[in-house]
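The values are calculated or read from the model by the stated rules, or taken from the named source; none is laboratory data. Remember, predicted model here, so these are calculated numbers, not experimental data. FYI the Cβ positions are ideal-geometry reconstructions off the backbone, even for glycines, and counts take in every protein chain you see. Keep in mind that these areas ignore ligands, DNA and RNA; they rest on the heavy atoms of the full protein, side chains included. Shrake-Rupley method; radii C 1.70, N 1.55, O 1.52, S 1.80 Å.
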Amino acid sequence: MIDKINDLIQKVEAFKSQAVPEIEEFRIRILGKKGELNALLEEFKTVAPEAKRELGQKINQLKTLATEKIATLKKMAEEQSETAAQTIGDMTRPGSAETAGSRHPISLVRKQILSIFERMGYTVADGPEVEDDWHVFSALNFPPEHPARDMQDTFFIEKNPDVLLRTHTSSIQIRTMERQKPPIRVVCPGRVFRNEAISYRAHCIFHQVEGLYVDENVSFADLKQSILYFAKEMFGEQSKIRLRPSYFPFTEPSGEVDVSCNLCGGKGCNVCKGTGWLEIMGCGMVDPNVLEACGIDSKKYSGFAFGMGIERVAMLKYGVKDLRLYFENDVRFLHQFDAVL
Ligand code: DAH
């Protein structure tokens, strides 16, 4: 009987197949009800008690070997037929649906901002992300010791203080005024870079839209009315604005604009921290030094400028609470803006 078992062990070891039906047939022959293993077990009953121990162990060895071998062969055969189906392609299989992407909220809100100003007669201007000191700071009337020029805020390229990543889109104001004579009415969208620790409320890369209007007799009243129109278009007809005095080197006077909180209607909630107001942009009358730096006669012309963060506007409009979501591109976040046109 020991020879029979050894024979079977050899047979199992030698068996090779990649065809599932063939493997199944082999399984039935060895492990099936009327298979060879069961026949051996029948025979085992008649064996003398002193031989049982050795033979029993052998039979168990055979059983484990056969079960494992058959399982492995089957798995390999199935995997192979799957890859074959993938490469050749099963022409009768139903097609899988393509999942559509969606527009990024930053693109959507940038488009909304630009189109509001385009309706007011503004055109869109562009400028480089890698800039020089003149366009980002000096021409904008930043004094030489201004902290924004500092290594802590600005990314410099190759240790050269004159090659840097723009920290705001106000640089495009300068490029536009150098190129174009008044009347000028432009909005300038773009990415800006600041050396900041990343958190829910700050990022080292974000987006801004800058606005600039230069002509004869441009007044603070024009600025206020343009921004009020923008706020109503962006946040709804019921929106109000208020201006707080502020300071920017490139505008005089300068202001900070708040819009009435569109979530609580100005009553005060946790988004507006109970104040009823949300800060949306900086603005002011273009400092005469800036006009002169670009070769524009500040006695004849005046202008206003404003700048806002696109992430911030999107956050306020859509209640996004964490800036980092804009950069992670998780489709579960992005798809929530599918319905926004
Ligand atoms: N450049 C400013 C910033 O990045 C924003 C800004 C404020 C732009 C006032 C302006 C302005 O044009 O008049 O914080």
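Measuring from each cysteine beta-carbon in the chain, the ones with no other cysteine beta-carbon under 4.7 angstrom are Cys188, Cys204, Cys283, Cys294. If the chain linking Val271 and Lys300 were pulled fully straight, counting 0.36 nm for each residue of separation and taking away their Cα-Cα distance, it would gain 6.1 nm. Seen against the Cα atoms of the chain and their longest principal axis, helix 2-14 is set at about 30 degrees. Phi angles of the stretch 100-116 translate, via the Karplus equation with coefficients 6.51, -1.76, 1.60 and θ = phi - 60°, into HN-Hα couplings of 7, x, 9, 6, 6, x, 5, 5, 4, 6, 4, 4, 4, 4, 4, 6, 4 Hz per residue; Gly and Pro are given as x.
With respect to the chain, whose longest principal axis is taken over its alpha-carbon atoms, helix 20-31 is tilted by about 40°. Counting only protein heavy atoms and a probe of 1.4 Å, the accessible surface of the stretch 105-337 is 51% carbon and sulfur. Each Lys or Arg adds one and each Asp or Glu takes one away; over the other residues whose Cβ falls under 13 Å from the Cβ of Asp258, this sums to +4. Residues of the stretch 202-217 falling in the label zone of Val340, defined by backbone nitrogen less than 18 Å from a point 7 Å along Cα to beta-carbon, are 202-203, 206-210. Round to a whole angstrom and tell me the spacing of the C-alpha centers of the stretch 141-176 and the stretch 24-99. If you average the Cα positions of each part, the centres end up 72 Å apart.
Send over a whole-number figure in Å² for the accessible area per residue of the chain, probe 1.4 Å.
Spelled out: the 1.4 Å probe surface of the chain, per residue, equals 57 Å².
Placing dummy labels 7 Å off each Cα toward the beta-carbon, the span from Asp153 to Glu178 is 2.1 nm.
With R₀ fixed at 56 Å, the C-beta to C-beta distance from Thr64 to Lys224 puts the FRET efficiency at about 0.05. Residues considered: Gly101, Gly284, Gly190. Largest GNM mean-square fluctuation over the chain, using C-alpha springs under 10 Å, is found at Gly101.
When the Cα gyration tensor is reduced to axis lengths a ≥ b ≥ c, the ratio a/c is 1.5 or higher for the chain, and with a/b above b/c it is classed as prolate. Sorting the segments 166-177, 213-224, 309-320 by their mean number of nearby beta carbons within 10 angstrom, highest to lowest, gives 166-177, 309-320, 213-224. Which one, Pro21, Pro128, Pro94, has the greatest fluctuation when you compute a Gaussian network model over the chain with C-alpha springs under 10 angstrom? With Cα springs under 10 Å in the chain, the top fluctuation among Pro21, Pro128, Pro94 is at Pro21. Report the FRET efficiency, 1/(1 + (r/R0)^6), for Glu145 and Lys111, where r is their Cβ-Cβ distance and R0 is 35 Å, rounded to 0.05. Computed FRET efficiency for Glu145 and Lys111: 0.35. For the stretch 47-59, 3J(HN,Hα) computed residue by residue from phi via the Karplus equation (6.51, -1.76, 1.60; θ = phi - 60°) reads 6, 5, x, 6, 8, 4, 4, 5, 5, x, 4, 4, 4 Hz, glycine and proline entered as x. Over the residues of the chain, the helix contribution to mean residue ellipticity at 222 nm works out to -13000 deg cm²/dmol, using -39500 (n - 2.57) for each DSSP H run of at least 4.
With a cut-off of 11 Å between beta carbons, the residues surrounding Leu31 carry a summed charge of +4, where Lys and Arg count +1 and Asp and Glu -1.
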